[in-house]
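In what follows, a single structure is set out as structure tokens and then discussed.
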Amino acid sequence: MHRLSATFEGETVLVAGGTGGLGRSVSLAFLDAGAHVIVTYRKEEEYRALETAAGAKSSRLSGNVVDVTDESAARNLCDAILARSGHLDVLVNAVGRYTGGRKLWEADAGDFDAMLTSNLRAGVALCRAIVPAMVRQGAGVVVNVASRSAVAPGPGEAAYAASKAAAVAMIASLAEDLRGTGVRANSVLPSIIDTEANRRAMPKADFSKWPKPGDIARVILFLCGDDAKLVHGAAIPVYGAE
């Protein structure tokens with residue numbers, strides 16, 4: 001499979017969490033690059049907003065309400081995509097959530113389970129469902145969205161940082177499993193992303209220092225294209241030099 005730089009014409013791309021703060025920008029970027037984009041989402045209003053933003057390109061957009069932390073649901077989604085298009089070329093996992101702000105010994109006992117479910121189990125379930133199909137077709141790219149906290153955790157985010165660090169390790173090991181198959185896997189590590197939700201949560205922060213979703217989306221597209229064919233098993237910081 002050969003694709004031109006930054007061009008994904010005829011490619012089938014799955015963006016899990018593709019209507020959220022970062023996922024929306026990733027979905028639109030792939031649509032702009034000519035791909036057929038399938039997104040998973042939980043909120044109908046977010047999907048409708050993505051359709052509106054896509055404009056005429058929405059003819060190449062479809063969405064599915066799927067709990068991607070459930071392996072059987074993820075496998076059913078993969079089977080449906082393959083039955084319809086015959087191939088699945090790119091998986092971007094932008095599913096995740098943040099719970100933090102309290103010291104480890106003060107945090108809710110369920111925080112670790114919640115963070116591991118959203119930030120680790122989703123990626124595991126998606127990769128287990130989709131990577132075998134990519135291996136069979138001899139080509140494909142996986143990009144998992146982790147966090148700067150995976151490598152530089154701050155106070156009050158033990159559960160979040162641990163879940164993201166585990167996700168980075170999972171992708172690094174997957175990359176070793178994939179050597180010689182034609183399938184690549186990498187992680188990206190954003191810091192606090194400049195989204196409406198984060199601005200509402202931290203109204204006194206300096207938003208100018210936060211990475212923009214569109215800038216991160218462009219890095220993800222690069223990682224999925226042929227120009228990044230030598231990048232495999234990497235964890236790419238996407239938080240700038242501020």
Subject >> Two-site label geometry, Ser62 and Asp215: point separation in nm, points 7 Å out along Cα→Cβ >> reply: 3.6 nm
**OP:** Figure the gain on full extension for Asp79 and Val231 (residue separation times 0.36 nm, minus the Cα-Cα span) and round it to one decimal in nm.
**Re:** 51.9 nm
Subject >> Extended-chain gain in nm, criterion 0.36 nm per residue less alpha-carbon gap, Lys103 and Arg199 >> reply: 32.3 nm
**OP:** Could you tell me which chymotrypsin sites (Phe, Trp or Tyr not before Pro) in segment 15-113 are loop residues by DSSP with no more than 16 other beta carbons within 10 angstrom of their beta carbon?
**Re:** Trp105
Original post:
Based on DSSP H runs of at least 4 residues, each adding -39500 (n - 2.57), what is the mean residue ellipticity at 222 nm of the chain after dividing by all its residues, to the nearest 500 deg cm²/dmol?
Top reply: -12500 deg cm²/dmol
**OP:** Taking DSSP loops as anything outside H, G, I, E and B, show the longest stretch in the chain free of trypsin sites (Lys or Arg not before Pro) there with at most 12 other beta carbons within 10 Å.
**Re:** 104-178
Original post:
Given 0.36 nm per residue, what is the gain on full extension from Val135 to Glu71 after removing their alpha carbon distance, in nm?
Top reply: 21.2 nm
Subject >> Approximate spin-label separation Lys43-Glu176, in nm, with each point projected 7 Å along Cα-to-Cβ >> reply: 3.9 nm
**OP:** With N denoting the number of residues in segment 11-118, provide Rg(C-alpha) divided by 2.2 N^0.38 Å, to two decimal places.
**Re:** 1.20
Original post:
Kirkwood Rh over Cα pairs of the chain into Stokes-Einstein at 4 °C, 1.567 mPa s: D in µm²/s?
Top reply: 72 µm²/s
Original post:
Taking the Cα atoms only, what angle lies between the long axis of helix 71-85 and the longest principal axis of the chain, rounded to 10 degrees?
Top reply: 30 degrees
Subject >> Taking segment 12-237 and dividing mean pair separation by its residue count, relative contact order in percent (alpha carbons under 8 Å, at least six apart) >> reply: 21 percent
**OP:** Report, in degrees rounded to the nearest 10, the 0 to 90 angle that the Cα long axis of helix 23-32 makes with the longest principal axis of the chain.
**Re:** 30 degrees
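Computed from the coordinates by the stated procedures, all read-outs in this text should not be read as laboratory data. Since the model is a prediction, treat every value here as computed from it, not as a measurement. Heads up, the Cβs are rebuilt from the backbone with ideal geometry, glycines too, and the neighbour counts pull from every protein chain shown.
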